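Values in this text are rule-based calculations from the coordinates and carry no lab data. As the structure is a computational prediction, the values presented were derived from the model and not from experiment. Cβ placement follows ideal geometry from the backbone for every residue including glycine, while neighbour counts extend to all protein chains displayed.
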Amino acid sequence: MSTPPLLSVRDLTMTFPGRGSRSARVRAVDGVSFDIAQGETLGLVGESGCGKSTTGRMIVRLLEPTSGTVTYDGRDISRLSARALKPLRREIQMVFQDPHSSLNPRRTVSRIIADPLLVQGSSAAEARARAAELLELVGLLPEHLDRFPHEFSGGQAQRIGIARALATGPRLVVADEPVSALDVSVQAQIVNLMGRLQRELGLSYLFVAHDLSVVRRVCDRVAVMYLGRIVEIGPKERVYGAPAHPYTRALLSAVPLPDPAAERARERITLLGDPPSPAAPPPGCTFHPRCPKAQALCRTESPPLRRTAAGEAREVACHFPETG
Ligand SMILES: Nc1ncnc2c1ncn2[C@@H]1O[C@H](COP(=O)(O)OP(=O)(O)OP(=O)(O)O)[C@@H](O)[C@H]1O
Ligand code: SF4
Ligand SMILES: [Mg+2]
């Protein structure tokens, strides 16, 4: 029997009230389903506004889903009260994009890392000792404990954000664009750190990013979102090696290749216009106004997410997927 996934998300939907009195409601996430196994990293990619952060925030329950379920370790946590959630907060943690703005500037590093432990009932001495251990684990020094966030570079501050997330011993970490705000040279260090921590601690990650090269480095499987939905999901070798959805192909065609000859030869697909507003999604396949392969059927019928062949591990939501 195969091990059940650590996280299982089904038909997750989030509808926000429109901003302003007359504006339409925004379906930011629309029927998203995926699993994350113990020790696995699922990458979540897509253009700005497609619903990546909203998905992540529902999983850590910073947002309550409008509908759908989030099953963690066999238990539906999507409707638990704040009180029932408290023990689970230890197990599911989040790392944010901008390390400096996510760390309280008036608190020392010791307080920032130790606070979640104090909330969970540790003594002050225990929490401080654990904070020192965690700093070493993320490549900083115990003497950094009494400094303030502004005394650190972006990369160091993100290490502190990671130490804070690890303080309670989580099994699942939702990392929302954890390296997007950092210099490219520092991005690799943080990506490597997250990989090492995953191996040492057996962590599972949902790794949200708009940068496809970063996601390729870190993930085992990848999900591509467009306008609140997953349009392609599968093992990274399949999705990156032979993308089946026209949107995935377009995103990948915009990623520069390190080899100059391959870079000159690569196919570029330019998407027309910006993504439509999730407050007024187009009918049928919501990608059809920008899709180079759109046909009449695409304007009326929404394609379900499905396998393109028996034994294929990847699923795609397109009436006319690329096969191969
Ligand atoms: N609290 C809110 N109220 C109303 N609309 C919201 C709210 N939060 C997000 N949205 C809208 O929901 C959609 C999805 O937003 P979300 O932040 O999840 O996207 P994203 O994929 O994380 O984008 P980015 O790459 O820019 O971070 C957007 O249209 C956004 O404007
Ligand atoms: S269903 Fe049609 S419009 Fe949508 S991605 Fe596929 S070919 Fe393009
Ligand atoms: Mg976001």
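Each Cα pair under 8 Å and six or more residues apart adds its separation to the average, and for the chain the resulting relative contact order is 20 percent.
Charge dipole of the range 244-324 (Cα centre as origin; +1 on each Lys and Arg Cβ, -1 on each Asp and Glu Cβ, all else neutral): 100 debye, rounded to the nearest 20. Within the straight-line cut-off of under 22 Å between alpha carbons, the lysines reachable from LYS52 are LYS236, sequence neighbours fewer than 8 places apart in one chain being disregarded. Based on DSSP H segments of at least four residues, each scored -39500 (n - 2.57), the chain has a per-residue ellipticity at 222 nm of -9000 deg cm²/dmol.
When peptides 252-263, 268-279 are ranked by their average number of other Cβ atoms within 10 Å per residue, the highest-first order is 268-279, 252-263.
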